[in-house]
Amino acid sequence: MYKRIIYLDQSPLTPSVDLRDMLRQYVIRDGISLLSVSDKRREAVINKQISFEAYKKTIKSIVESFYDDLPSWHKRIRCQAKIVSKYQKKGFRIENVLFDSFPGYPVNATVYVPSDFEPPFPAVVVPTGHSGKQFESYQLPCQYFARAGFLAVSFDPPGQAGEKQKGNDHFIDGLRCYLVGHTSSRYFIADALRCIDYLETRKDVDLSNGV
């Protein structure tokens with residue numbers, strides 16, 4: 001007795017979606033869903049269904065859960081900066097510095113120090129968007145602050161300009177962070193906080209009114 005053998009087509013199946021984009025699309029859908037939840041929470045506050053204090057406590061708890069032990073890390077380790085270069089300009093001096101945010105994670109910052117005012121100076125941190133601090137739109141505000149007597153610090157965000165290197169892009173790193181359960185904004189926040197820590201080490205800065 002002979003058995004009939006059926007040979008199946010071994011050609012690869014064509015996926016219904018682009019698998020290379022699957023994770024990003026999932027994150028987008030999840031984000032839109034969470035935005036809807038956030039909208040309803042704010043509407044409840046506006047309509048006085050929940051108190052503002054309860055809302056503030058909830059938001060603070062959510063934000064802290066994103067960034068783990070970020071604030072306490074800065075309290076444990078003193079910021080140590082290295083001056084890379086200095087340039088004297090009209091009305092201010094530029095200092096390019098490096099200091100760690102997380103251990104082994106350098107922040108590339110530029111400090112604008114007033115020349116026509118006596119220290120200590122009030123200070124301001126000037127963060128950048130999705131680009132580098134070398135552009136005019138970021139340098140000009142820092143120069144204006146310095147000429148007005150403020151010491152200004154600008155820094156490159158992760159994956160941009162001075163921090164740009166192979167495998168270090170804040171969009172790609174954002175997806176990598178999601179895979180391990182946290183957000184890339186943690187590193188943006190860490191860099192900004194570390195700038196404030198850096199200002200605390202300068203004797204020519206007055207932090208009595210904050211930053």
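If you go through the stretch 196-205 and keep only what is farther than 18 Å from residue 104 by Cβ and surrounded by 13 or more Cβ atoms within 10 Å (Cβ to Cβ), you end up with 196, 199, 200, 202, 204, 205.
Residue count for the stretch 172-211, restricted to those that are among the small types (Gly, Ala, Ser) and over 30 Å from residue 151 (Cα atoms): 2.
When residue 30 is tested against (1) within 25 Å of residue 173 (Cα to Cα); (2) at pLDDT below 90; (3) surrounded by 10 or more Cβ atoms within 10 Å (Cβ to Cβ), exactly one condition is not met: (2).
Cβ-Cβ contacts under 7 Å between residues 6 or more apart (or on different chains), taken from a first residue in the stretch 1-29 that is outside the structural domain of residue 179 (by TED's automatic domain parsing) to a second residue that is among the hydroxyl-bearing types (Ser, Thr, Tyr) and at pLDDT below 80, are listed as 27/178. The residue that is modelled with the lowest pLDDT, among those in the stretch 107-158 that are crowded, with 20+ Cβ neighbours inside 10 Å, outside any strand (DSSP E or B) and within 15 Å of the chain's Cα centre (by Cα), is 158.
Scanning the stretch 94-106 for residues that are at pLDDT 90 or above and exposed (fewer than 15 other Cβ atoms within 10 Å of the Cβ) gives a single hit, 98. Taken across the stretch 86-109, residues that are out of contact with any Lys or Arg (no Cβ under 6 Å at 6 or more places or on another chain), among the polar types (S, T, N, Q) and touching a residue at least 40 places away in the same chain (Cβ under 8 Å) do occur, with at least one present. On the stretch given as the stretch 96-121, residues that are farther than 17 Å from residue 192 by Cα and not aromatic (Phe, Trp, Tyr) total 7.
The values are calculated or read from the model by the stated rules, or taken from the named source; none is laboratory data. If you're wondering where the values come from, they're calculated on a predicted model, not measured in any experiment. Using ideal geometry, Cβ is built from the backbone for each residue, glycine included, and neighbour counts are taken over all protein chains shown.
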